[in-house]
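Structure first, commentary second.
The values are calculated or read from the model by the stated rules, or taken from the named source; none is laboratory data. In this text, all values refer to a predicted model and were calculated from it rather than measured experimentally. Quick reminder, even Gly has a Cβ in these numbers, built from the backbone with ideal geometry, and neighbours come from all protein chains shown.
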Amino acid sequence: MPVGFWDDRSGERYRSTYFDRWPGVWRHGDRIRFSESGSCVIAGRSDATLNRGGVRLGTAEFYRVLEELPDVEDSLVVHLEDPEGGNGELLLFVVLAEGGGPRRTR
């Protein structure tokens, strides 16, 4: 459990992220399904976090960088699970702005 966010001196962003639904109860966004036998399956994240080999990446981290690029009009990052249990694939789709893209320089 993280104890705070960088540059969130008041703790407001931290509290609104993890304690907004149930005050005093930490909620981090994993969705879980319990079976009749008592086992459980973690089915995915509810907060747009991708888990790549145990490293959690927020989609906002990708979008924050891409939105600063004038040649990018829109983007989408998705994670495709590997049915064999491997890391899967992380795909980035980008729509270039009119006139955007590689430029030749001399």
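Summary table below
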| item | result |
| --- | --- |
| Failed criterion for residue 77 (all others in (1) more than 24 Å from residue 102 (Cβ to Cβ); (2) surrounded by 10 or more Cβ atoms within 10 Å (Cβ to Cβ); (3) of a type outside the set (D, E, K, R) hold) | (1) |
| Region 88-106, residues that are modelled with pLDDT under 80 and either within 22 Å of residue 17 (Cα to Cα) or surrounded by fewer than 13 Cβ atoms within 10 Å (Cβ to Cβ) (or both) | 101, 102, 103, 104, 105, 106 |
